[in-house]
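K.L.:
Sharing a structure below in structure tokens format, with a few things to ask.
The values are calculated or read from the model by the stated rules, or taken from the named source; none is laboratory data. From a predicted model like this one, the values you see are computed outputs, not experimental measurements. Here Cβ is always computed from backbone atoms with ideal geometry, including for glycine, and neighbour counts include all displayed protein chains.
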Amino acid sequence: MIDVASTQPHYEIAVIGAGIAGASVAAELAEAGRRVLLIEREAQPGYHTTGRSAALFTETYGPPAIRALSRASARFYEAPPEGFCANPLLSARGVLMLARADQMDALHALHTEVAPKGDVRLIDANEARSLAPLLRADYVAGGMAEPGARDIDVHGLHHGYLKAFRAAGGETLTNGDVRALARSSAGWSIEVGRITVLADTIVNAAGAWADEIGALAGAGPIGLVPKRRTAVIVAAPPGTDPAPWPMVVDVDEQFYMKPDAGRLLISPADETPSPPCDAQPDEYDVAVCVDRIETAFDIQVRSIENKWAGLRSFVADKTPVACYDPVAADFFWLAGQGGYGIQSAPALARTAAALIEGRPIPADIADQGIAAADLAVTRLDVAA
Ligand SMILES: Cc1cc2nc3c(=O)[nH]c(=O)nc-3n(C[C@H](O)[C@H](O)[C@H](O)COP(=O)(O)OP(=O)(O)OC[C@H]3O[C@@H](n4cnc5c(N)ncnc54)[C@H](O)[C@@H]3O)c2cc1C
């Protein structure tokens with residue numbers, strides 16, 4: 001922790017936001033030898049979107065840059081550094097992309113798009129029902145199976161990065177609400193609650209609040225839109241063991257269902273625009289969720305065991321922004337990870353750290369097709 005009594009401690013880099021984006025890039029920068037402060041408004045890092053995800057790793061979800069970053073992250077997930085985490089970061093799951101008869105064209109289009117770089121295959125209704133036995137026979141017409149999709153231990157990943165950050169000499173300030181930013185010849189002055197710290201460079205990893213932090217710095221906006229998504233936990237039908245079932249996702253992303261520690265995590269896959277906030281589930285979305293699940297599956301939801309909502313924050317093309325602001329000097333954006341910020345975090349953090357330090361993007365990530373221009377704010381039609 002920083003010494004609050006000392007006046008204006010000075011860091012090379014201040015990272016704002018200690019969700020998965022901030023924690024991972026802070027760890028990469030500290031391990032590269034930089035003096036880094038990680039600032040988080042909440043008492044616990046991970047309280048917002050990072051702690052509310054569906055915890056899936058799939059190389060076929062999201063726009064092309066996300067798929068590339070996820071492919072480039074696989075090696076880290078499969079072989080994290082020695083001592084990073086106590087348990088494996090990934091475990092078997094699989095995804096079944098589901099289509100009704102009227103959605104088969106969409107299914108084939110998706111297959112055509114992702115098959116060249118993804119381990120996927122089209123399956124018929126019978127095979128879909130053998131993978132996911134609760135599917136209604138009169139509902140499903142076909143599917144696309146992705147057996148290599150896996151569950152992520154999000155807590156293990158996030159805390160592995162926080163631990164690595166501390167081990168590399170990084171300092172963390174929790175309960176630290178960044179309220180004002182000012183730039184002078186001494187660098188950035190950051191007002192955090194009642195104290196002020198100085199930093200040469202700011203990394204904005206504030207999740208849904210990234211455009212608000214940008215405004216404090218005279219940077220951006222990048223046109224970030226936080227969108228609420230609801231998750232609900234219900235019991236599995238009596239006598240069933242959901243553990244071996246894949247996550248089942250409607251091909252038009254109207255719902256999904258995923259086994260979760262003996263229960264079922266269900267979602268209406270809602271994307272309701274929201275101001276940045278401590279998102280809460282809306283009863284209407286919960287009701288829509290239950291209706292869509294009961295329509296596709298032989299399930300009667302009798303009670304809701306748990307429910308939550310989180311904000312998935314997107315820019316116009318749903319691809320993250322990782323670049324220096326074109327106007328505000330030494331202000332780096334790491335935002336817009338949308339619905340894929342966990343699975344892509346290892347490669348995105350290494351990419352961002354390289355761009356912050358003025359190094360080339362690591363070769364294994366560039367080899368997957370990632371270039372700095374793909375993540376630059378200048379690709380967007382915004383007033384940055
Ligand atoms: C229901 C749901 C399901 C999802 N499923 C998946 C999935 O299966 N796979 C996947 O890869 N992704 C998934 N996601 C997306 C993923 O969770 C996000 O992309 C990721 O967590 C974003 O991380 P972040 O660090 O940018 O944001 P956050 O975790 O929100 O972190 C931002 C932090 O910044 C802090 N902050 C903001 N303003 C300030 C300030 N002024 N001062 C100090 N700190 C500040 C906040 O307190 C917050 O902790 C899902 C999301 C949701 C909601």
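Conditions (1) in contact with a Ser or Thr (Cβ under 8 Å, 6 or more places away or on another chain); (2) under 29 Å from Y284 (Cβ atoms); (3) free of Cβ contacts under 8 Å to residues at least 12 places away in the same chain, marked per residue:
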| site | (1), (2), (3) |
| --- | --- |
| D153 | yes, no, no |
| E171 | no, no, no |
| A206 | no, yes, no |
| A217 | no, no, no |
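K.L.:
Considering only residues that are of a type in the set (G, A, S) and surrounded by 24 or more Cβ atoms within 10 Å (Cβ to Cβ), look in region 311-337 and name the one that is farthest from the ligand (Cβ to nearest atom).
P.N.:
Checked region 311-337; the qualifying residue farthest from the ligand (Cβ to nearest atom) is A322.
K.L.:
Out of all the residues in region 196-215, is one or more within 30 Å of M104 (Cβ to Cβ) and not aliphatic (A, V, I, L, M)?
P.N.:
No: zero hits.
K.L.:
Right, next: Any residue at all in region 281-295 that's among the small types (G, A, S) and surrounded by fewer than 15 Cβ atoms within 10 Å (Cβ to Cβ)?
P.N.:
Yes; the residues of region 281-295 include at least one that is among the small types (G, A, S) and surrounded by fewer than 15 Cβ atoms within 10 Å (Cβ to Cβ).
K.L.:
Let me ask you something else. A27 passes all but one of (1) under 16 Å from I202 (Cα atoms); (2) part of a loop (DSSP other than H, G, I, E, B); (3) away from the ligand (no atom under 12 Å from the Cβ); which number fails?
P.N.:
Answer for A27: the failing condition is (2).
K.L.:
Run T272 past the list (1) within 29 Å of T378 (Cα to Cα); (2) surrounded by fewer than 21 Cβ atoms within 10 Å (Cβ to Cβ); (3) out of contact with any helix residue (DSSP H, G or I) (no Cβ under 8 Å at 6 or more places or on another chain) and report the number of the one that doesn't hold.
P.N.:
Condition not satisfied by T272: (3).
K.L.:
Can you tell me how many residues within region 185-244 are more than 14 Å from the ligand (Cβ to nearest atom) and closer than 30 Å to R302 by Cβ?
P.N.:
Residues flagged as more than 14 Å from the ligand (Cβ to nearest atom) and closer than 30 Å to R302 by Cβ within region 185-244 amount to 11.
K.L.:
Here is a follow-up. Taking the condition in contact with a Phe, Trp or Tyr (Cβ under 6 Å, 6 or more places away or on another chain), at negative phi and in a helix (DSSP H, G or I), does I365 pass?
P.N.:
When the stated conditions are applied, I365 does not pass them.
K.L.:
Check whether at least one residue in region 101-119 is in contact with a Phe, Trp or Tyr (Cβ under 6 Å, 6 or more places away or on another chain) and modelled with pLDDT of 95 or more, and report yes or no.
P.N.:
Scanning region 101-119, I find no residue that is in contact with a Phe, Trp or Tyr (Cβ under 6 Å, 6 or more places away or on another chain) and modelled with pLDDT of 95 or more, so the answer is no.
K.L.:
What number goes with the only condition from (1) at pLDDT below 95; (2) under 16 Å from the mean Cα position of the chain (by Cα) that A23 does not pass?
P.N.:
With (1) at pLDDT below 95; (2) under 16 Å from the mean Cα position of the chain (by Cα) applied to A23, the lone miss is (1).
K.L.:
Let me ask another. Going through A43, A92, A115 one at a time, which residue ends up being more than 16 Å from the ligand (Cβ to nearest atom) and more than 17 Å from the chain's Cα centre (by Cα)?
P.N.:
Of A43, A92, A115, the one residue that is more than 16 Å from the ligand (Cβ to nearest atom) and more than 17 Å from the chain's Cα centre (by Cα) is A115.
K.L.:
Which residue is farthest from the ligand (Cβ to nearest atom), if the candidates are limited to region 46-64 and must be hydroxyl-bearing (S, T, Y) and more than 18 Å from S24 (Cβ to Cβ)?
P.N.:
Only one residue tops the list, namely T60.
K.L.:
Could you tell me whether region 288-308 includes any residue that is closer than 17 Å to S53 by Cα and either basic (K, R) or in contact with a helix residue (DSSP H, G or I) (Cβ under 9 Å, 6 or more places away or on another chain) (or both)?
P.N.:
Checked against the condition, which is being closer than 17 Å to S53 by Cα and either basic (K, R) or in contact with a helix residue (DSSP H, G or I) (Cβ under 9 Å, 6 or more places away or on another chain) (or both), region 288-308 yields at least one hit.
K.L.:
Moving on to the next point. Which one of L131, L107, L96 is buried (at least 16 other Cβ atoms within 10 Å of the Cβ) and touching a helix residue (DSSP H, G or I) at 6+ places or on another chain (Cβ under 9 Å)?
P.N.:
The conditions single out L96.
K.L.:
Out of curiosity, is I361 surrounded by 16 or more Cβ atoms within 10 Å (Cβ to Cβ), among the β-branched types (V, I, T) and under 30 Å from D282 (Cβ atoms)?
P.N.:
no
K.L.:
Select from region 339-366 the residues that are among the charged types (D, E, K, R) and in contact (Cβ under 8 Å) with a residue 24 or more places away in the chain and list them in ascending order.
P.N.:
Listed by number, the residues that qualify are R350, E357, D364.
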